[in-house]
1. Could you list all residues from the range 142-160 that are loosely packed, with under 15 Cβ neighbours inside 10 Å and part of a helix (DSSP H, G or I)?
2. Here are R101, R55: which of them is out of contact with any helix residue (DSSP H, G or I) (no Cβ under 8 Å at 6 or more places or on another chain) and open to solvent by 40 Å² or more (accessible area, probe 1.4 Å)?
3. Given A217, A197, which one is at pLDDT 95 or above and either buried (at least 18 other Cβ atoms within 10 Å of the Cβ) or of a type in the set (K, R) (or both)?
4. Does the range 182-215 hold any residues that are part of a helix (DSSP H, G or I) and touching a residue at least 24 places away in the same chain (Cβ under 8 Å), and which are they?
5. Within the range 45-57, identify whether any single residue is at pLDDT 95 or above, within 9 Å of the ligand (Cβ to nearest atom) and more than 22 Å from A144 (Cβ to Cβ), and answer yes or no.
6. Just to be sure, is R124 farther than 21 Å from T213 by Cβ, open to solvent by 10 Å² or more (accessible area, probe 1.4 Å) and either in contact with a strand residue (DSSP E or B) (Cβ under 9 Å, 6 or more places away or on another chain) or not polar (S, T, N, Q) (or both)?
7. Residues to consider are R55, R45, R129, R101; find the one that is charged (D, E, K, R), under 19 Å from A233 (Cβ atoms) and in a helix (DSSP H, G or I).
8. Would you please list the contacts, defined by Cβ atoms under 7 Å and residues six or more apart or on different chains, that run from a residue in the range 41-56 that is closer than 13 Å to E73 by Cβ to a residue that is open to solvent by 50 Å² or more (accessible area, probe 1.4 Å) and within 16 Å of the ligand (Cβ to nearest atom)?
Amino acid sequence: MSMGLSSVADVVRDSARAALDLVAPGTCAGCGLHVSTPLCESCARQLRAANPVARWISTSAGPVPVFAAAQYEGSVRAALIAYKERGRRDVGAQLASALTRAVSTAATAGLLASSWLLAPVPSRRDAVRERGYDAVSLLATRAARQLRGRGFDTKPAAVLRQARPVGDQAGLSISRRRSNMSGALVVSAQRDRDLVAGRVLVVVDDIVTTGATAADACRALDECGAIVAAVVAVAGTPRLTGGPKGGALGRLDGANAFAIGLG
Ligand SMILES: [Zn+2]
């Protein structure tokens, strides 16, 4: 299968940026510009002002709304890859702020109870070993701190575990991703199962594309008696997930999402 022009451009840009990271650590994680901050002003603005994504994914526990702070494209995409794959931990604070906005949207829409837990999707173990940090867990911890600062009663609950080694999702079709992920996540420790039973949970991931990983996280939590109110992510794609109830809701403006179909 040949790559589309845009993906070729993405690959070229990613390679150029990887080379830049090696020779010039003082660069913007979004565009490679030489700056002394993690993101240049323009990329930081794009992350702050990016169009949010809201849509449904279908899960074994029924349809669950997904909120992402930004579209997974351009410098947002580049910054996430730099954070996850190239050790750019310094951009974590700004990515966590985006995540905080996505959670706030779900809260403003009245989806969350007075108290809820943030459950990060765990990274693959080999990836954590390689990078030295769990990218999503770190974002959830930072976002929880920011949300508490805004008066929300929340904390991170790193209860999800990889039940078995999972292959890299990149490059797989939607159906292959679903079978790759199905049953991959589990809440294994009894104390974790007790912690989430009957509680309102928000699943946290960095990126939601097909929704296969998020749906599996919802299933694992639902099986423990948790109430999964929403999935939140830094970035997402608005396209169809392929599930019976999975539908794109397009670019939505915060809680207005609910006026046109999520409510
Ligand atoms: Zn930039």
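1. Quick first cut of the range 142-160, residues loosely packed, with under 15 Cβ neighbours inside 10 Å only: 145, 148-151, 153.
R145, R148, G149 - these are the residues of the range 142-160 that are loosely packed, with under 15 Cβ neighbours inside 10 Å and part of a helix (DSSP H, G or I).
2. Working: R55 fails: open to solvent by 40 Å² or more (accessible area, probe 1.4 Å).
R101 is the lone residue from the list that is out of contact with any helix residue (DSSP H, G or I) (no Cβ under 8 Å at 6 or more places or on another chain) and open to solvent by 40 Å² or more (accessible area, probe 1.4 Å).
3. On the way: A197 fails: either buried (at least 18 other Cβ atoms within 10 Å of the Cβ) or of a type in the set (K, R) (or both).
Selected residue: A217, the only one of A217, A197 that is at pLDDT 95 or above and either buried (at least 18 other Cβ atoms within 10 Å of the Cβ) or of a type in the set (K, R) (or both).
4. Of the residues in the range 182-215, the ones part of a helix (DSSP H, G or I) are 190-196, 212-215.
Once the filter is applied, which keeps residues that are part of a helix (DSSP H, G or I) and touching a residue at least 24 places away in the same chain (Cβ under 8 Å), the range 182-215 yields D192, R193, L195, V196, A212, T213, A214, A215.
5. First, pick out the residues of the range 45-57 that are at pLDDT 95 or above: none.
No: zero hits.
6. Numbers: farther than 21 Å from T213 by Cβ: no; open to solvent by 10 Å² or more (accessible area, probe 1.4 Å): yes; either in contact with a strand residue (DSSP E or B) (Cβ under 9 Å, 6 or more places away or on another chain) or not polar (S, T, N, Q) (or both): yes.
Here the answer is no, as R124 does not meet what is asked.
7. On the way: R55 fails: in a helix (DSSP H, G or I); R45 fails: under 19 Å from A233 (Cβ atoms); R129 fails: under 19 Å from A233 (Cβ atoms).
Checking each option against the conditions leaves just R101.
8. Close Cβ pairs satisfying both conditions: C43/C31; L47/Q94.
The values are calculated or read from the model by the stated rules, or taken from the named source; none is laboratory data. This structure is a prediction, so every number in the text was calculated from the model and none was measured. No Cβ is skipped: glycine too gets one built from the backbone with ideal geometry, and neighbour counts run over all protein chains shown. Accessible surface areas use protein heavy atoms only, side chains included; no ligands, DNA or RNA. Shrake-Rupley method; radii C 1.70, N 1.55, O 1.52, S 1.80 Å.
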